[in-house]
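What follows is a single structure, written as structure tokens, with notes after it.
The values are calculated or read from the model by the stated rules, or taken from the named source; none is laboratory data. Values in this document were obtained by computation on a predicted structure and should not be read as measured data. Here the Cβ is made from the backbone with ideal geometry for all residues, glycine too, and neighbour counts use every protein chain on show.
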Amino acid sequence: MIKNLKKMLVLGAIMVIALLGFSQGTSNLKIGYVNLEKTVQSYYKWQDLQSLYQSDIQYYQNKINEMENQFKQLQQSGATDEELQQNYLKLQSTVNQYQQTLQNDYQTKIDSVVSEVAQKIGEYAKANNYDLIIYESAIIYVKDALDLTDVIISYINVK
């Protein structure tokens, strides 16, 4: 936590120095900031991805439930400890495999959506002559008037 705070303060200091240097040559610097998390979560593709993710979780959970029921039936049938142990290990392995599959698949998709949002923010900045748009975690203080979050959300959700 403290490491992250130090990194943020160093980044902030670097940004201030860069902005001061940049503003020396520019009299009308146009700056905005975006709450990136809110923007990404408001993007229609993110919402579609979350819906798909929930469907996949439910699918895998149903498969796990079936395997657990089979394990319970095996227990009730008087299976040996060795059979129960093997079946339990298989169940654990399958659960881990499902979790890994979901994580790998969705991390790639999440990265893609975040990258697309960042690209669209860049497009908005160019189209509206912004010199700089930064995201909120690199900011200690900013005037509310510079918050472009809602404008960007509207912009990126145009289909």
* Structure fact -> Within segment 126-150, the count of residues that are surrounded by fewer than 14 Cβ atoms within 10 Å (Cβ to Cβ), in a helix (DSSP H, G or I) and within 24 Å of the chain's Cα centre (by Cα) comes to 2
* To do: Tell me, please, whether a residue that is under 29 Å from Leu102 (Cα atoms), exposed (fewer than 11 other Cβ atoms within 10 Å of the Cβ) and either among the hydrophobic types (A, V, I, L, M, F, W, C) or modelled with pLDDT of 95 or more (or both) can be found in segment 43-53.
  => yes
* Among the residues of segment 65-80, is there at least one that is in contact (Cβ under 8 Å) with a residue 60 or more places away in the chain, assigned to a helix (DSSP H, G or I) and surrounded by 10 or more Cβ atoms within 10 Å (Cβ to Cβ)? -> no
* Say we look at segment 107-120 and pick out the residues that are in contact with a helix residue (DSSP H, G or I) (Cβ under 6 Å, 6 or more places away or on another chain) and not basic (Lys, Arg); which of these is surrounded by the most Cβ atoms within 10 Å (Cβ to Cβ)? -> Val117
